[in-house]
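The values are calculated or read from the model by the stated rules, or taken from the named source; none is laboratory data. If you're wondering where the values come from, they're calculated on a predicted model, not measured in any experiment. Using ideal geometry, Cβ is built from the backbone for each residue, glycine included, and neighbour counts are taken over all protein chains shown. The accessibility values were calculated without ligands, DNA or RNA, using every heavy atom of the protein model including side chains. Shrake-Rupley method; radii C 1.70, N 1.55, O 1.52, S 1.80 Å.
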Amino acid sequence: MSRYAHLHAPVGGPLWSRPFRILVVVFVFCALFFVYRFAAGLGASTALNDGYPWGIWIAFDVVVGTALGCGGYAVALLVYILNKGTYHPLVRPALLTSALGYTMASIAIHFDVGRPWLLYRIPLFPAHWNFNSALFEVALCVMTYVAVLWLELSPAFMEKWSQGPAGFLRRTSEKAAPIVDKAMPWLIALGLLLPTMHQSSLGTVMLLTGQKLHPLWNTPLLPLLFLVSCLGMGYAVVVFESALSSGILGRRRETPMLASLAGVMVPVLAVFTLVRFVDLGLRGRLGLLGTFDLYTGMFVLETVLFLAPAFMLLSPKARNDAGNLFRASMIMILAGSVYRLDAYIVAFRPGDRFSYFPSFAELMVTLGVVALEVILYVVIVKYFPILSAPGAEAPARTARA
Amino acid sequence: MSAVDRRTLLKGVAATGAVAATGISLPAHGRVAKAVPPDAVGLLYDTTLCIGCKACVVACREANDKKPDTRLSGGLWDMPADLNGQTKNVIKLYKDADSPERSYFKAQCLHCVDPACVGACMIGALQKREFGIVTYDPFFCSGCRYCQMVCPFEIPKFEWEKLAPKIVKCELCNHRLKEGKEPGCTEVCPRHAVVYGKREDLLAEAKRRIAENPKKYKGQKAGDPPKVYGETEGGGTQCLYLSHVPFEKLGLPDLSSEPVPHVAQTVQHGIYQGFVAPVALYAVLGAVVFRNRRKQDAASGETDGPAGGAE
Ligand code: SF4
Ligand code: SF4
Ligand code: SF4
């Protein structure tokens, strides 16, 4: 048995509520485009071309999607490394969004690559691994991290199954639980290492495009900027999600805990913006901001989006205002998403003869993947002890942090 | 009480960021630029000699079993708009809007000395092999198209309309070279505008032509001294260009002599050199997690061991 079992409880209640039914209908509609993608091929189903070989399936589903899945990483960093035990009740929900976010990104990759069945040659041919390739590092890390996340989350499932009817699930849970328990510190450490590696590498990936990436985005510090932005997005997602579940599912509001979490976002956002400007300044590129075009426009937009939540959360009083907190974290999520989409699509300049805007099928596939993620989230929190139990308080002993 | 001490957090962010930052602050880990392979071969294309007959385009198709691209001509004749999933070689026409300046331009893979595409490819579907030729092996290609993202010359193309699409690009006719023949394009060129040979010979020949006729040839931009494109650009290429119009007008980018993959791989190597940093970080993370959990257990007087984590 996990020691904080009493902190979490399944939401329960009927599954087929009206919003859930709508969600399923949306998913089924989008799933038609999953089929279309494979029946018609990439050329017919997408707006991708030889100049813009990567579109929203990579930039949004994978690059933004995994950053949104960094809640588990960001919170675990606080809880386990900085030892802020107060956040404990938030770890499980954060892990679930992470596990789902990363799983969905892995699924999206299969839509995007031209020959998905050959992805499985990657682990099979270690002699061919190209350690120079940041993308290879991302691929390997993400594959491993998906497994680590579900393992980290597995106590939640085993808790439920070990109390269920006798049978395979119960026997397995009873046997596996102590093993997972023993391995947990090392899994947690792996769960901290892997995102540090691949989230920064997602920045290195674009560094290799060289001159094709606009100089306002192209910097050797891209890996650092990607890492910091995923932390900001990770915290924001946890705040956002918790506020949402207390609103929709009627869970206890965790505002005081979220408020202190929000306090963490302020320096993260400030560091991001500071690093960016200092870097541009040191390399004499601030002058680029003097011309007004699409690129400076997007850069200014990003900066405003990154700084706005920092100011909104500056005072402790503002952080304790649930509405303000929710809005700030929404802006933070937007900021990181725009930054990543810019770095992967908008600031990528293959030449005037190419252009890209996602096709309807591309948008539908992305929507379908998101819908599936939400469906799985709802199902899992309904039946498994993920969200904090109504009325449960963080254990007193951990509040000392 | 705010449970978060900002200074502690800043330290935390700095610690995680430090891993990424080592790549920038450790020049000792910088990568060594690749040198031209001693047996490097290549092409030399000279715009002053090309008459735009496109014999090389046809020959390239025959040499590589690629069907004519008749999409633009309504199914009538071969008319590729650019390199594409069935075209490894194309002759383009550059025309200046307000002057009589015009030039043909032959586009194909430049077989970079230090190719970005090879650095990008996850498990080496693209490799620089014998004679420095950059080859493609579909057995390892998942169709991720990262090579397309990184090639500074927009060379690799994708078979977008196929269900099992491959990357298509000039492999310097290495299957013909093996048989002792020369590339399809150079074999048929009536004016020897494109010739095949050892890179060092081609480079010497190109320089000789410039020396003989310095007025005829141009540099990167209008007014620049004449140069051989590919001698140093992006770390050097094995296929070289001479031109009577500035190279930028032909669409050849202004690259420094730094290899295109240099910065990215210096960062990547800095972080992952011998895998020391990740392993060290893992050990530290593991130890800290372990210690923090033990401290908590001690503080709470719990006796049920270093239990579960996902709470
Ligand atoms: S020109 Fe492009 S495809 Fe050819 S070797 Fe260089 S990077 Fe690779
Ligand atoms: S598309 Fe194929 S050849 Fe190009 S980088 Fe990806 S795996 Fe390598
Ligand atoms: S070397 Fe061969 S593949 Fe390359 S352009 Fe010439 S004919 Fe085509």
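The spacing between segment B:95-136 and segment A:298-321, judged by their C-alpha centroids, is 45 Å. Report note on the peptides B:71-81, B:190-200: ranked by the mean count of other C-beta atoms within 10 Å, highest first, their order is B:190-200, B:71-81. Rounded, prolate or oblate: which fits segment A:198-295 when a ≥ b ≥ c are the square roots of the eigenvalues of the alpha-carbon gyration tensor, with rounded for a/c under 1.5 and prolate only if a/b beats b/c? Judged from the Cα gyration tensor, segment A:198-295 comes out prolate (a/c at least 1.5, a/b above b/c). In this structure segment B:110-230 gives 40 Å² per residue of accessible area when probed at 1.4 Å with all protein chains present. A simple spin-label model places the labels of residue B:279 and residue B:216 5.9 nm from each other, with each point 7 Å out along Cα-to-Cβ.
When the label point is put 7 Å from the Cα of residue B:35 along its Cα-to-beta-carbon vector, which residues of segment B:125-148 have a backbone N closer than 20 Å? It comes to B:128-134, nothing else. For the pair A and B, the buried accessible area comes to roughly 8200 Å² in total, with a 1.4 Å probe and the value rounded to the nearest 100. When peptides A:54-67, A:144-157, A:298-311 are ranked by their average number of other Cβ atoms within 10 Å per residue, the highest-first order is A:54-67, A:144-157, A:298-311.
Note on A:228-240: average number of Cβ atoms from other chains within 10 Å of each residue's Cβ is 1.
If R₀ is 35 angstrom, what is the calculated FRET efficiency for the pair residue A:110 and residue B:182, using the beta carbon separation as r and rounding to 0.05? Efficiency for this residue pair is about 0.25.
Which of the three applies to segment A:1-121, rounded, prolate or oblate, going by the alpha-carbon gyration tensor with a ≥ b ≥ c and a/c under 1.5 meaning rounded? Note, shape of segment A:1-121 comes out oblate. Between residue A:144 and residue A:32, the contour length at 0.36 nm per residue exceeds the alpha carbon distance by 37.4 nm. Could you work out how far helix A:134-161 tilts from the main Cα principal axis of chain A, as a 0 to 90 degree angle to the nearest 10? Once rounded, the angle reads 20 degrees.
Summarised in one figure, the compactness ratio Rg/Rh of segment B:94-192, Cα atoms and Kirkwood Rh, is 1.04. Here's the picture: charge each Lys and Arg Cβ at +1 and each Asp and Glu Cβ at -1 in the protein assembly as shown, and of A:214, B:253, A:135 the one pushed furthest to the positive end of that dipole is A:135.
Ignoring ligands, DNA and RNA, what accessible area per residue does chain A give at 1.4 Å, in Å²? If you can, show how the numbers build up before the last one.
On the way: 14640 Å² over 401 residues.
With the other protein chains kept in place, chain A gives 37 Å² per residue.
Peptide A:45-58 has a mean shielding of 4, counted as Cβ atoms of other protein chains within 10 Å of each residue's Cβ.
Only one residue of A:27, A:13, A:66 has its Cα farthest out toward the positive end of the dipole of the protein assembly as shown, where Lys and Arg carry +1 and Asp and Glu -1 on Cβ, and that residue is A:13. Placing dummy labels 7 Å off each Cα toward the beta-carbon, the span from residue B:256 to residue B:198 is 3.2 nm.
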